[in-house]
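The structure appears below as structure tokens.
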Amino acid sequence: MKDIEIKIHGVRVKRLTRIPDERGTLMEVLRADEDFFERFGQAYVTSVYPGVVKAWHCHRKQTDHFCVVSGMIKLVLADIRADSPTRGVIQEFFLGDDNPLLVKIPPGVHHGMKGLGEPRVIALNIPTVPYDHTTPDEIRLPWNSPEIPYDWNVTFK
């Protein structure tokens, strides 16, 4: 399988493997005994409907570990961190059933996703910090923010 080029400083990607048997499949996502693991904050599942864009947001402190449990998405990362050596870089990842990946998104990297195909996508995130409902660790921008020059249409390259 081809290596994935990482264009944004601090981002990491791990290929996931589905192990099938006559009962179904098992896929390990993140283990505490691997160097990919930072710390555990919580785990949550989110969904996105076909063609819907959920974007943009980033975190001040939290690192996200993002994968798709069912379906396919286009996950887009945008580095607009002032002190980053990769400032201005935008990178797309297509992940899910056809390309099982775990993407590690460091603090300060804006990200969003678009649901591809039918039915809705089910995604899993394992952030390093629990969600604080009174003071969320989030910086949000609209999906069409001029700060991130990105066209959310699906393109084939």
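Laboratory data are not the source of any read-out in this text; all were calculated from the coordinates shown. All of these numbers come straight from a predicted model, not from anything done at the bench. Ideal geometry is used to build each Cβ from the backbone, glycine not excepted, and the neighbour counts take in all protein chains shown.
Please pick out the residue among Pro85, Pro119 that is within 20 Å of Val52 (Cα to Cα), over 12 Å from the mean Cα position of the chain (by Cα) and not in a strand (DSSP E or B). Walk me through how you get there before you give the answer.
Working: Pro85 fails: within 20 Å of Val52 (Cα to Cα).
Answer to the check: Pro119.
Among the residues of region 88-115, write down those that are without any contact (Cβ under 8 Å) to a residue 24 or more places away in the chain and in a strand (DSSP E or B).
Step one: filter region 88-115 for residues without any contact (Cβ under 8 Å) to a residue 24 or more places away in the chain, giving 88, 92, 94.
Glu92, Phe94, listed by residue number.
Could you tell me how many of the residues in region 29-59 are among the charged types (D, E, K, R), surrounded by 12 or more Cβ atoms within 10 Å (Cβ to Cβ) and more than 22 Å from Asn153 (Cα to Cα)?
Result for region 29-59: 1.
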Condition set more than 11 Å from the chain's Cα centre (by Cα) and surrounded by 14 or more Cβ atoms within 10 Å (Cβ to Cβ), scope region 60-69, selection farthest from Asp98 (Cα to Cα): answer is Gln62
